[in-house]
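Chemist: Sharing a structure with you now.
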Amino acid sequence: MSTAQLPPQPNDSDRGASRGDGLPAHASATYYDQPLLKKPHWEWSVITYLFLGGIMGGSGMLVMIADERPEREADLARSARYVAFALASACPLVLISHLGRPERFLNMLRIVKFKSVMSMGVWGLIAFSGPATLAVLGQLARDGVLPKWVAALAPRAITKPLQGVLGAFIAGYTGVLLSATAIPVWGTGKRHLPAFSVCSSFAGACALNAAILAFAGTDRTRHKLERLELVASTAELILLEAFRQHAGSTGDPMFGGARGRKLRTHTQLGGIIVPALLGRLPFGGKAKTLLASALTLAGGYVLRETLIEAGKDSADDPRAASRQPE
């Protein structure tokens, strides 16, 4: 009697070879190799929200510090008000595109949770939108687009400090939102992420408003914005390096490999160092300003993209998740 022959069963080494690592199958399937955290499924909409929200907050800070005497920086105040209002209108739409349905955004406004960073961020956005809207109505009245009496509804003595304080809150909130999570690379940056978020946001606001003033502003104001951007960007560069050293191996998803090279090339070199060198050139005029502004803004976006993508990889590392926070 003939018996049917069963196909040979692969052993552990065969299974490992099929994976390409040459290890037994159970070597990468232990309890300790399973992710402990659920990584965020955040894509371009969240990155764009953090980027635009930062520039919005930085523009509110520029409104507060601008000297509005006609011979001084009235052009900066005008530009920053319009930018802040435009981004305050765009950010809820970007956030709703991430949430999927408008009612989810409205549900976030049902209560105020002081212990929830996300709740405070949404309410900060709503709070900022109020003075930003009043301020732009007053600016339209002073520009002759609306009746003059409308300007009395938005006294600058009230709207300027409100935009500045709430703008600083929004600029720092983007970093606090990430560092308040259990994601290792974000959580280890509780002191650094909010700080360089403020610096990056302010530098981005200076860059965007400088680009606008290259077409409709004075050279004096534009040069002052370039100096402010240099200070903010330098602080951002120092804080990024301090964060890299502080994070150690936990920061590898952000500072190591191809992602780290992109961060160094597009943000630290292209978005900070090169614009700083361009600003020192005695020639170039408005074209130089536009190029430096574009590089700064691109570097700021890459910084947010790097943070989000690094968080996803960091969440997949069970050993980083099990380390005690410092």
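The values are calculated or read from the model by the stated rules, or taken from the named source; none is laboratory data. Note that the structure is predicted; figures quoted are calculated from it, not measured. Virtual Cβ from ideal backbone geometry, glycine too; neighbours counted across all protein chains shown. Note: accessible area is taken over every heavy atom of the protein model, side chains too, but ligands, DNA and RNA are not part of it. Shrake-Rupley method; radii C 1.70, N 1.55, O 1.52, S 1.80 Å.
Chemist: Taking only segment 213-226 into account, find how many residues are open to solvent by 30 Å² or more (accessible area, probe 1.4 Å) and either of a type in the set (S, T, Y) or closer than 15 Å to S201 by Cα (or both).
Modeler: The qualifying residues number 2.
Chemist: Moving on to the next point. Let me confirm something: among S97, S79, which residue is polar (S, T, N, Q) and under 19 Å from the mean Cα position of the chain (by Cα)?
Modeler: Being polar (S, T, N, Q) and under 19 Å from the mean Cα position of the chain (by Cα) holds for just one of S97, S79, which is S97.
Chemist: Select from segment 72-127 the residues that are more than 30 Å from D219 (Cα to Cα), part of a helix (DSSP H, G or I), of a type in the set (S, T, Y) and open to solvent by less than 40 Å² (accessible area, probe 1.4 Å) and list them in ascending order.
Modeler: Listed by number, the list holds a single entry, S119.
Chemist: Hey, can you tell me all the residues within segment 211-226 that are in contact (Cβ under 8 Å) with a residue 24 or more places away in the chain, of a type outside the set (S, T, N, Q) and not in a loop (DSSP other than H, G, I, E, B)?
Modeler: Listed by number, the residues that qualify are A211, I212, L213, A214, F215, A216, R222, K224, L225, E226.
Chemist: Let me ask something else about it. Using the structure shown, decide if S233 is open to solvent by less than 20 Å² (accessible area, probe 1.4 Å) and either over 13 Å from S200 (Cβ atoms) or of a type outside the set (F, W, Y) (or both).
Modeler: Against the criterion (open to solvent by less than 20 Å² (accessible area, probe 1.4 Å) and either over 13 Å from S200 (Cβ atoms) or of a type outside the set (F, W, Y) (or both)), S233 qualifies.
Chemist: Here's something else I'd like to know. Among the residues of segment 175-197, which ones are part of a helix (DSSP H, G or I) and either of a type in the set (G, A, S) or open to solvent by 10 Å² or more (accessible area, probe 1.4 Å) (or both)?
Modeler: G175, V176, L177, S179, P184, G187, P194, A195, S197 - these are the residues of segment 175-197 that are part of a helix (DSSP H, G or I) and either of a type in the set (G, A, S) or open to solvent by 10 Å² or more (accessible area, probe 1.4 Å) (or both).
Chemist: While we're looking at this one, here's another question. Under 7 Å between Cβ atoms, at least 6 apart or on separate chains: pull out the pairs that start in segment 306-320 with a residue that is among the acidic types (D, E) and end on any residue that is surrounded by fewer than 23 Cβ atoms within 10 Å (Cβ to Cβ) and assigned to a helix (DSSP H, G or I).
Modeler: Note: pairs meeting the criteria are E309/R259.
Chemist: Output the residues belonging to segment 68-102 that are farther than 30 Å from K224 by Cα and among the aliphatic types (A, V, I, L, M).
Modeler: Residues satisfying the conditions are L93, V94, L95, I96, L99.
Chemist: Taking L134, is it in a helix (DSSP H, G or I), without any contact (Cβ under 8 Å) to a residue 12 or more places away in the chain and open to solvent by 60 Å² or more (accessible area, probe 1.4 Å)?
Modeler: Against the criterion (in a helix (DSSP H, G or I), without any contact (Cβ under 8 Å) to a residue 12 or more places away in the chain and open to solvent by 60 Å² or more (accessible area, probe 1.4 Å)), L134 does not qualify.
Chemist: Follow-up question, since we're still on this one. Is there any pair with a first residue in segment 268-287 that is without any contact (Cβ under 8 Å) to a residue 40 or more places away in the chain and closer than 23 Å to S201 by Cα and a second that is of a type in the set (G, A, S) and in a loop (DSSP other than H, G, I, E, B) whose Cβ atoms are under 8 Å apart and which are 6 or more apart or on different chains, and what are they?
Modeler: Final answer for the pair search is L278/G284.
Chemist: Among residues belonging to segment 244-297 that are among the basic types (K, R) and farther than 30 Å from R191 by Cα, point out the one that is surrounded by the fewest Cβ atoms within 10 Å (Cβ to Cβ).
Modeler: My answer is R280.
Chemist: Let me ask something additional. Only one of S201, S179 is out of contact with any Leu (no Cβ under 6 Å at 6 or more places or on another chain) and polar (S, T, N, Q); which?
Modeler: That would be S201, the only listed residue that is out of contact with any Leu (no Cβ under 6 Å at 6 or more places or on another chain) and polar (S, T, N, Q).
Chemist: Any idea which residue in segment 137-157 is most open to solvent (accessible area, probe 1.4 Å), counting only those that are part of a loop (DSSP other than H, G, I, E, B), modelled with pLDDT of 90 or more and among the hydrophobic types (A, V, I, L, M, F, W, C)?
Modeler: Filtering segment 137-157 for residues that are part of a loop (DSSP other than H, G, I, E, B), modelled with pLDDT of 90 or more and among the hydrophobic types (A, V, I, L, M, F, W, C), the one most open to solvent (accessible area, probe 1.4 Å) comes out as V145.
Chemist: Now for a different question. Just need a number here: residues in segment 94-125 that are within 18 Å of T48 (Cα to Cα) and β-branched (V, I, T).
Modeler: Qualifying residue count, segment 94-125: 3.
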